[in-house]
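The values are calculated or read from the model by the stated rules, or taken from the named source; none is laboratory data. In this text, all values refer to a predicted model and were calculated from it rather than measured experimentally. Heads up, the Cβs are rebuilt from the backbone with ideal geometry, glycines too, and the neighbour counts pull from every protein chain shown. These area figures cover heavy atoms from the full protein model, side chains too; ligands, DNA and RNA do not enter into them. Shrake-Rupley method; radii C 1.70, N 1.55, O 1.52, S 1.80 Å.
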Amino acid sequence: MAEEEKNEQQEETPEETPAEEPQADETPAEEAPAEEEAPAEEGAPAGEADEAPADEGPDELEGLDWKSRRRLERSRRPSEAGPQQSAEERAAARGEARKQASRRRSSYRAKRRTKREAGTGTPPADRRSAGRKTRQGRVVSSKPDKTITVAIEVARRHPQYEKIVRRSRTLHAHDARNEAGEGDLVRIVETRPLSRTKRWRLVEILEKAE
């Protein structure tokens, strides 16, 4: 029995080692920095949240045009409550504000017009006439009044067969004095439309028929 009690005492002594006390002391030491760091971590987002609106302000106004920027600045500006007005008074105040804005616009535009120098404009284009076409041919008919029919013959070499090809066409010309007769060699010039078929006018008689 005595030996069993000694063994029990020996087994109890290693379990009651003083190493447990430093462990108990170490745990609070380890937890303390964690608690100290926690407020710092919580404070960092708070600082970022405070800085975020300051950075967002210029960025929002940077990409906007002047009218949207002015509207946004007016909406952010603190306003004071004005006196109570009736509908007629509000309409009168709105009309007066519109009149003032109209006067400002008119004066601004008048100043712009006075500053702007009058331009000379585009110079007129030079009219270059290609010249009226003239043709020479024989009179084949002079029966109508003040009208002659002139046959124009054209002889040209064929581009492929190299043969002289003669072609003729008839034109109606205006003869105001009925001077030309059949068989006369005349010169005609183009003119304004005188009738449904007449676009030419007699200039001179080169050769009278025999």
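What to note about this one:
Results for (1) modelled with pLDDT under 90; (2) of a type outside the set (Gly, Ala, Ser), shown as yes or no for each residue.
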{"residue": "Asp55", "(1), (2)": "yes, yes"}
{"residue": "Gly63", "(1), (2)": "yes, no"}
{"residue": "Arg70", "(1), (2)": "yes, yes"}
{"residue": "Gly82", "(1), (2)": "yes, no"}
{"residue": "Ala92", "(1), (2)": "no, no"}
{"residue": "Ala97", "(1), (2)": "no, no"}
{"residue": "Lys111", "(1), (2)": "yes, yes"}
{"residue": "Arg116", "(1), (2)": "yes, yes"}
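- Residue in the stretch 110-132 that is surrounded by 10 or more Cβ atoms within 10 Å (Cβ to Cβ) and in contact with a strand residue (DSSP E or B) (Cβ under 6 Å, 6 or more places away or on another chain) present: yes
- Filter pass, Arg167 being touching a strand residue (DSSP E or B) at 6+ places or on another chain (Cβ under 7 Å), surrounded by fewer than 10 Cβ atoms within 10 Å (Cβ to Cβ) and not in a loop (DSSP other than H, G, I, E, B): yes
- Flag if Arg77 is open to solvent by 100 Å² or more (accessible area, probe 1.4 Å), at pLDDT below 95, closer than 30 Å to Glu190 by Cα and not aromatic (Phe, Trp, Tyr): no
- Search result, residues across the stretch 95-132 that are without any contact (Cβ under 8 Å) to a residue 40 or more places away in the chain and closer than 30 Å to Thr149 by Cβ: Ser129, Ala130, Gly131
- Selection of the stretch 133-150 for residues being surrounded by fewer than 13 Cβ atoms within 10 Å (Cβ to Cβ) and touching a residue at least 40 places away in the same chain (Cβ under 8 Å) yields Lys133, Thr134.
- Residue among Ala97, Ala130, Ala92, Ala101 that is farther than 30 Å from Glu210 by Cβ, among the hydrophobic types (A, V, I, L, M, F, W, C) and in a loop (DSSP other than H, G, I, E, B): Ala130
- Candidates in the stretch 170-195 are the residues that are hydrophobic (A, V, I, L, M, F, W, C) and surrounded by 13 or more Cβ atoms within 10 Å (Cβ to Cβ); of these, the one that is farthest from Arg138 (Cα to Cα) is Leu194.
- Those residues of the stretch 110-160 which are more than 57 Å from the chain's Cα centre (by Cα) and of a type outside the set (A, V, I, L, M, F, W, C), in sequence order: Gly137, Arg138, Ser141, Ser142, Lys143, Pro144, Asp145, Lys146, Thr147, Thr149, Glu153
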